[in-house]
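Notes to accompany the following structure.
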């Protein structure tokens, strides 16, 4: 299944490229600060969290600066949430194309995710500055970010195509998106860490694959710790199975999109 | 027939529900997925949009569809474009199909005409390189040289149409579908389009034309198909239905 997707898309790579390019051009047209928006969102949320947790709640999250703590957690989270925001309505927004012409429908949600990925890269540049300013000791374990991001990417793709496809049938999905993302945010250790959570509650939180990804991204970048191998493999297997079923579901319902949309 | 058959519809039936999906429940959907259904049965809120349609599109021919509204013309085009699939029967498509998308559907209002040529061109299956090469021709044919770098939200519907038509006729697709597109444009441009369609025909392209303009269809068509009462019949000429 992971093999069919690239082969289906390969033929349409130029269309995919054009959709991504169009998404970007359109988004920042008639906008003053353009791509700076990609930095503004994580930066402002990080500033707010730092303020609240340092001065209002007076909780110390980690042995290092809360700036690093929050920003490291916000980057993967914002990639995930803005991917969902772009991709869920992507099919229904293009109903005129879907009812007129054939192309692999997953191109639409995928181009939304790609846009979120570029935002992620832009936001990462600022993170590098923070790492330098706060003199973080970088170890080779930082390379774990790449496989962790791959996990995050495939998980995001699976959730996105599943919900985008379902949204063609039931618009409730779009209506629920804001609420779902909000709930998911609190279920993901972005503004907290699971280190001090009792073990049975920890297991509960790990039902959300983002818990593993966000926690470990923070650990390997800021704390220089490695990811536990067997845990990684376990999450990899779970996410692969999930991607497999979501993509199969999508392919199955895709044929009827033009009739239902 | 000596010509090679590019698209074939074999005893195609297509069923649609009258009501939108709002009256469906998830429970009903799950039951439908699980139990093998008999496609021939018509439930009380369903109807046949197409009944036993047999069609062949031959290379280099211009096929005209005519008939009353709601008789199934657009549904047939959708089947040819592989956007939807028949309930019963088979649709065989052997070549790339370029549908002329409805006025403005493939365009983004905030992009300029030129940018939209790239978007729309790739949507109908052109390569970016191909579009670059043909850009000058496309713009020249559309007669929009002065406005090509303006956002298309400022275009009139006639201008939209000219650009859309121009992109479609420059694609390398073997089969081009025109769904009632010539109705909005001015007479001069219509003549130009007819000329271009004849030129494409001479190049061996296959075309499907849907229109209510009888004179126009009779002028350019090779084959005529009356689509009425959800079925298709080959006829000799376009006439009053």
Rounded to 5, the percent of DSSP beta bridges in the protein assembly as shown classed as antiparallel: 55 percent
Residue A:40-residue B:140 pseudo-label distance in nm [points 7 Å out on the Cα-to-Cβ vector]: 4.5 nm
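How long is the gain from residue A:30 to residue A:54 if the chain were fully straight, where each residue apart is worth 0.36 nm and the alpha carbon distance is subtracted?
Here the segment from residue A:30 to residue A:54 would lengthen by 4.9 nm.
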Fewest-first sequence of A:87, A:44, B:173, A:124 by Cβ atoms within 10 Å of each Cβ: A:44, A:124, B:173, A:87
Cα-based helix-to-principal-axis angle, A:172-186 vs chain A, degrees rounded to 10: 10 degrees
Ranking of A:185, A:16 by count of other Cβ atoms within 10 Å, fewest first: A:185, A:16
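Estimate the FRET efficiency between residue A:10 and residue B:196 by the formula 1/(1 + (r/R0)^6), using the beta-carbon distance for r and 25 Å for R0, to the nearest 0.05. Could the numbers behind the result be given before it?
Working: r = 32 Å, r/R0 = 1.30.
In this case the efficiency is close to 0.15.
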Between helix A:209-218 and chain A: long-axis angle, C-alpha atoms, 0 to 90°, nearest 10: 50 degrees
Semi-axes of the equivalent ellipsoid for segment A:53-172, Cα gyration tensor, largest first, Å: 36, 16, 11
Cα→Cβ-extended label distance, 7 Å offset, between residue A:192 and residue B:235, nm: 7.3 nm
Percent breakdown of C-alpha pair distances by 10 Å bin, ordered from the shortest bin, for chain A: 6, 28, 34, 22, 8, 1
Proportion of all alpha-carbon pairs of the protein assembly as shown beyond 32 Å (%): 52 percent
Likely footprinting exposure, B:93, A:56, B:53, fewest C-beta neighbours within 10 Å first: A:56, B:93, B:53
Sorted largest first, extent of segment B:92-166 alpha carbons per principal axis (Å): 40, 24, 19
Label-point separation in nm, residue B:95 to residue B:187, each point 7 Å along Cα→Cβ: 3.4 nm
Segment A:1-43-segment A:123-189 distance, computed between alpha-carbon centres (Å): 16 Å
Potential lengthening between residue A:183 and residue A:238 on full extension [0.36 nm per residue; Cα-Cα distance subtracted]: 17.6 nm
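How would segment A:1-70 be classified by its alpha-carbon gyration tensor: rounded, prolate or oblate, with rounded meaning a/c under 1.5 and the a/b versus b/c comparison settling the rest?
Working: a/c = 5.66, a/b = 1.92, b/c = 2.95.
It comes out oblate by the Cα gyration axes.
Starting from the Cα gyration tensor of segment A:209-258, take the square roots of the eigenvalues, sort them a ≥ b ≥ c, and report rounded, prolate or oblate (rounded when a/c is under 1.5, otherwise prolate if a/b is larger than b/c, else oblate).
Numbers: a/c = 5.88, a/b = 2.76, b/c = 2.13.
Prolate shape, in that a/c is at least 1.5 and a/b is the bigger ratio.
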On Cα atoms only, tilt of A:13-28 relative to the major axis of chain A in degrees: 60 degrees
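Every number here is computed from the coordinates shown, using simple stated rules; none is lab data. This is a predicted model, so every value here is computed, not measured. So basically every Cβ, Gly included, is an ideal-geometry build from the backbone, and we count neighbours across all protein chains shown.
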